[in-house]
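What follows is a single structure, written as structure tokens, with notes after it.
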2 protein chains.
Amino acid sequence: MPETIPADSVGIVQPQKLHFDEPLQLVSGRVLEEYDLVFETYGELNADRSNALLICHALSGDHHAAGYHSMEDRKPGWWDVAIGPGKPFDTNRYFIVCPNNLGGCKGSTGPNSINPKTGKPWGADFPIVTVKDWVVSQARLADRLGIEQWAAVIGGSLGGMQVMQWAIDLPERLRHALVIAAAPKLSAQNIGFNEVARQAIMSDPDFHGGHYYAHGTIPRRGLMLARMLGHITYLSDEAMRAKFGRELREGKINFGFDVEFQVESYLRYQGKSFVERFDANTYLLMTKALDYFDPAAEYGDDLAAAFRRALADFLVVSFTSDWRFPPSRSEEIVRALVQADRNVSYTEIEATQGHDAFLLPIQAYLDTLYAYMKRV
Amino acid sequence: MPETIPADSVGIVQPQKLHFDEPLQLVSGRVLEEYDLVFETYGELNADRSNALLICHALSGDHHAAGYHSMEDRKPGWWDVAIGPGKPFDTNRYFIVCPNNLGGCKGSTGPNSINPKTGKPWGADFPIVTVKDWVVSQARLADRLGIEQWAAVIGGSLGGMQVMQWAIDLPERLRHALVIAAAPKLSAQNIGFNEVARQAIMSDPDFHGGHYYAHGTIPRRGLMLARMLGHITYLSDEAMRAKFGRELREGKINFGFDVEFQVESYLRYQGKSFVERFDANTYLLMTKALDYFDPAAEYGDDLAAAFRRALADFLVVSFTSDWRFPPSRSEEIVRALVQADRNVSYTEIEATQGHDAFLLPIQAYLDTLYAYMKRV
């Protein structure tokens, strides 16, 4: 909990919610008749509405990107290192919007929301949503906020995928696209890890085919396993070595199956605490959005052809030790942008922290964002 | 099923079993009063008993390393590519012994064996066994077979760890040590993956604290998840891309949670079939043996000091795309051997197949084994 709010914090923030009545035609063929989007904003929209930034969240993120909800909060929003007065996404200059995506579990309509047709939680009946669907829903949010064009759309990991889709699908509605620690589509290994996570959740007897709310259960074991596995893929081998090595929790081997190594303790803690704050059906939906993301597919599997639709300038950022979406995947994006004759800046940041680096206070990384944002 | 047995096969083989009455003092402090070891042998022991090779198996391996148990077998033993007449481990020259390790589930005493004290399966009461314990039990098997000194002790992955422990603990009993795709100890990332696998098994409601035999259940879901996860770590990202890419099983996205991508289908199949042939308690024990392996620990964390006890000549082999135990881990072994002034040959094999490469018919790899074995 912050005893005092730091001077470079956006301070105490309040989520807002908007209801949308216009049906949303989804890529899957299904229609979401109505929905809510919850979001936070930081900073002030200027008179000509030209200073708005859209922040897109990743798999387990939400709308709470910066600041605190109360003085009791132990931690600020998930991207507080980058958002605030004097920070790269400077709230003295920009009006910043961060929504919780459809299918989420933090206030936007998702599997744990009430299905108006049944009066019960959607559960497994909630439609699968894609990155393209999110872009449409975010564009409607922009309409309601009176934002015709974003100064920049920004995101890391799955958030970076939304940025690419924005640039391709709604090219006139953004001037800059910041794609961080992302990939143009998942590899078989990425999909494999997602599939293990899904199987962990879906095979949990407390999952009840996704209708666990009605059973008063939570697929705790499955969601915990999914998160433990996820965490390994977010950290580099190097970061885990530095953080845990082979340190033993009690200083000695006990020849049993309780926690022995520090890394086991860390993963179990991460898994357990995640269950308290995240919904398993949302986790399933987010992994599917990742698996399906493939913007080149509509353009004959030619990513450069997809990017020829874009009008924005791009910043692409990767991290040396990220093995989930390694620099080679960012380079695929950059190559296609160059082939498409788009303006693109690319930087590979030296970082030991793995995929997680995009959320961390790494000076060279924050300096890069800061420098790029001067152009915006 | 082989319509005819190939000429370079050891042909139809029969497992053998020996009972050991002498109590085995385990590293954990517990004692195994009596036990069985099941093993296979290929080739003939020569008159001066100098041509014996010991093959040590990896996590999910067993004593059936080569040949067929019957003409109905669909596949030969797990290292048939390397064992047989004219192959690197040439049954025309060598007498080859491959035991199933203690704690296993294929005939050697393990969790699914009857505990003589209770008349019921050991289950979770089976003691945790370590690589050091296996070496002692394998040495007793050598005694019974009249083998004073192995011409070579050979193994890949967890098998390679047994080879190193043999060379350190019983230096006079082997002339050559072949350490393939191994590491001197697990990294935090390796332990992390093992811990997720263990949690998957132990949190399965059908696990019943390891006493599932008594409940007539099998922790299928957990063991399936463990194996799916394992498989991802055995394959390289490159191999998965080549094998599956983002191929869709039905040629199109179905917007559901059934199998869609080929890689999902493959992993589910691997997971399900593993459950039919492997025991979950054994899987737990094998992962613990991996986690605990650290031969330098007894020598002040100085691997070179540990290897100074060794008398054998070493061959160390790694594979370029192995990210479970990458070449850098083999190089740690080689560096310590050089510091200890031991004879060591090292080769890094160009291979796209990941950790699995050590089981596969890769010509440069088999040629390396073949060439080295000429010295033995």
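Scanning the stretch B:193-211 for residues that are surrounded by fewer than 24 Cβ atoms within 10 Å (Cβ to Cβ), of a type in the set (G, A, S) and at the interface with chain A (Cβ under 8 Å from one of its Cβ atoms) yields one hit, B:S203.
Quick check: anything in the stretch A:314-323 part of a helix (DSSP H, G or I), surrounded by 15 or more Cβ atoms within 10 Å (Cβ to Cβ) and of a type outside the set (A, V, I, L, M, F, W, C)? No, the stretch A:314-323 contains no residue that is part of a helix (DSSP H, G or I), surrounded by 15 or more Cβ atoms within 10 Å (Cβ to Cβ) and of a type outside the set (A, V, I, L, M, F, W, C). Looking at this structure, is B:Y365 closer than 12 Å to B:A181 by Cα, assigned to a helix (DSSP H, G or I), in contact (Cβ under 8 Å) with a residue 12 or more places away in the chain and hydroxyl-bearing (S, T, Y)? Here the answer is yes, as B:Y365 does meet what is asked. Could you please let me know if A:R342 is more than 30 Å from A:L225 (Cβ to Cβ) and among the basic types (K, R)? When the stated conditions are applied, A:R342 passes them. Here is the figure for the stretch A:43-81: residues that are assigned to a strand (DSSP E or B) and under 20 Å from A:F358 (Cα atoms) total 4. Within the stretch A:218-229, identify whether any single residue is more than 8 Å from chain B (Cβ to nearest Cβ), surrounded by fewer than 17 Cβ atoms within 10 Å (Cβ to Cβ), touching a helix residue (DSSP H, G or I) at 6+ places or on another chain (Cβ under 8 Å) and under 23 Å from A:K106 (Cβ atoms), and answer yes or no. So far as the stretch A:218-229 goes, no, none of its residues is more than 8 Å from chain B (Cβ to nearest Cβ), surrounded by fewer than 17 Cβ atoms within 10 Å (Cβ to Cβ), touching a helix residue (DSSP H, G or I) at 6+ places or on another chain (Cβ under 8 Å) and under 23 Å from A:K106 (Cβ atoms). The listed residues are B:A214, B:A188, and the only one of them that is of a type in the set (A, V, I, L, M, F, W, C), touching a Lys or Arg at 6+ places or on another chain (Cβ under 8 Å) and more than 10 Å from chain A (Cβ to nearest Cβ) turns out to be B:A214. Looking across the stretch A:249-264 at every residue that is over 22 Å from B:A124 (Cβ atoms) and in contact (Cβ under 8 Å) with a residue 12 or more places away in the chain, the one that is farthest from the other protein chains (Cβ to nearest Cβ) is identified as A:Q262. In the stretch B:7-28, the residue that is surrounded by the most Cβ atoms within 10 Å (Cβ to Cβ) out of those that are in a loop (DSSP other than H, G, I, E, B) and either of a type in the set (A, V, I, L, M) or out of contact with any strand residue (DSSP E or B) (no Cβ under 8 Å at 6 or more places or on another chain) (or both) is B:V10. When A:L311, A:L290 are screened for being modelled with pLDDT of 95 or more and part of a loop (DSSP other than H, G, I, E, B), only A:L311 passes.
Any chance the stretch A:95-108 includes a residue that's surrounded by fewer than 24 Cβ atoms within 10 Å (Cβ to Cβ), within 25 Å of A:I333 (Cα to Cα) and not aromatic (F, W, Y)? No; the residues of the stretch A:95-108 include none that is surrounded by fewer than 24 Cβ atoms within 10 Å (Cβ to Cβ), within 25 Å of A:I333 (Cα to Cα) and not aromatic (F, W, Y).
Hey, any hits in the stretch B:233-245 for a residue that's closer than 28 Å to B:H208 by Cα, touching a helix residue (DSSP H, G or I) at 6+ places or on another chain (Cβ under 8 Å), more than 8 Å from every other protein chain (Cβ to nearest Cβ) and buried (at least 20 other Cβ atoms within 10 Å of the Cβ)? Yes; the residues of the stretch B:233-245 include at least one that is closer than 28 Å to B:H208 by Cα, touching a helix residue (DSSP H, G or I) at 6+ places or on another chain (Cβ under 8 Å), more than 8 Å from every other protein chain (Cβ to nearest Cβ) and buried (at least 20 other Cβ atoms within 10 Å of the Cβ). When the stretch B:42-63 is filtered for residues that are surrounded by 24 or more Cβ atoms within 10 Å (Cβ to Cβ) and either within 18 Å of B:S137 (Cα to Cα) or of a type in the set (S, T, N, Q) (or both), the ones remaining, listed by number, are B:A52, B:L53, B:L54, B:I55, B:C56, B:H57, B:A58, B:G61, B:D62, B:H63. Pairs linking a residue in the stretch A:210-224 that is on the phi > 0 side of the Ramachandran plot and at pLDDT 95 or above to a residue that is crowded, with 24+ Cβ neighbours inside 10 Å and not small (G, A, S), with Cβ atoms under 8 Å and 6 or more positions apart or on different chains, are A:G210/A:P111; A:G210/A:N281; A:G210/A:L284. Among the residues making up the stretch B:265-306, a single one is in contact with a Lys or Arg (Cβ under 6 Å, 6 or more places away or on another chain), free of Cβ contacts under 8 Å to residues at least 60 places away in the same chain and away from chain A (no Cβ under 11 Å): B:V275.
Can you find a residue that is among the polar types (S, T, N, Q), part of a loop (DSSP other than H, G, I, E, B), under 19 Å from the mean Cα position of the chain (by Cα) and away from chain A (no Cβ under 13 Å) anywhere in the stretch B:161-183? Among the residues of the stretch B:161-183, not one is among the polar types (S, T, N, Q), part of a loop (DSSP other than H, G, I, E, B), under 19 Å from the mean Cα position of the chain (by Cα) and away from chain A (no Cβ under 13 Å), which makes the answer no.
Scanning the stretch B:307-323 finds one or more residues that are of a type in the set (F, W, Y), touching a residue at least 60 places away in the same chain (Cβ under 8 Å) and over 30 Å from B:E172 (Cα atoms).
A single entry from B:V334, B:V376 fulfils the requirement of being over 20 Å from the mean Cα position of the chain (by Cα), at pLDDT below 95 and crowded, with 18+ Cβ neighbours inside 10 Å: B:V376.
So, in the stretch A:120-157, of the ones that are in a strand (DSSP E or B) and of a type in the set (G, A, S), which residue ends up surrounded by the most Cβ atoms within 10 Å (Cβ to Cβ)? Among those that are in a strand (DSSP E or B) and of a type in the set (G, A, S), it is A:G156.
The values are calculated or read from the model by the stated rules, or taken from the named source; none is laboratory data. Bear in mind that the values here come from a model prediction, so they are computed numbers and not experimental data. Cβ sites come from the backbone with ideal geometry, for glycine too, and all protein chains shown count toward neighbours.
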